[in-house]
Amino acid sequence: MEPEVRERFERIEATLALTADNHRRAMEELDKRMRAAEKRNEEALKRMEAAEKRADRLDARERSHHKAAMERMDRFDKKLESTRKLVVAGIGMVTRLAEENRRARADTAAFKAEVRAFIRAQGNGRGGSNGKH
């Protein structure tokens, strides 16, 4: 082979070797970056799974708390309804007692009037005499 061709061939080979070496290093760097990205992705997936599990537990706990709160509210509503019925019954009793009291006062007033009339008829308790014997 002629020296010029040989020299040119050697330069081409050196360029190809350098290019191949650069390509190999670039591929190694790319592989390294891909492994790091995959590792970060796997860690992110693990964090997401853990977060989903925490959210599921929180949802279950909140459902349980909600159920307990609704049961307490139902018990409170029953007690409130019982209290309302007692108040209505109490108001009815007070109304009846007030009416009975009004009638009793009227009866008492009538009785007092009769007693006063009887006492006057008896001469103020002296049996009709003026108290001078």
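The values are calculated or read from the model by the stated rules, or taken from the named source; none is laboratory data. The structure presented is a predicted model; accordingly, all values stated were derived computationally and were not measured. With ideal geometry, Cβ positions are generated from the backbone for all residues, glycine too; neighbour counts draw on all protein chains shown.
Would you confirm whether any residue within the stretch 122-130 is in contact with a helix residue (DSSP H, G or I) (Cβ under 9 Å, 6 or more places away or on another chain), modelled with pLDDT under 95 and not in a helix (DSSP H, G or I)?
Yes, the stretch 122-130 contains a residue that is in contact with a helix residue (DSSP H, G or I) (Cβ under 9 Å, 6 or more places away or on another chain), modelled with pLDDT under 95 and not in a helix (DSSP H, G or I).
Scan the stretch 60-82 for residues that are over 16 Å from the mean Cα position of the chain (by Cα) and hydrophobic (A, V, I, L, M, F, W, C) and report the count.
Of the residues in the stretch 60-82, 1 are over 16 Å from the mean Cα position of the chain (by Cα) and hydrophobic (A, V, I, L, M, F, W, C).
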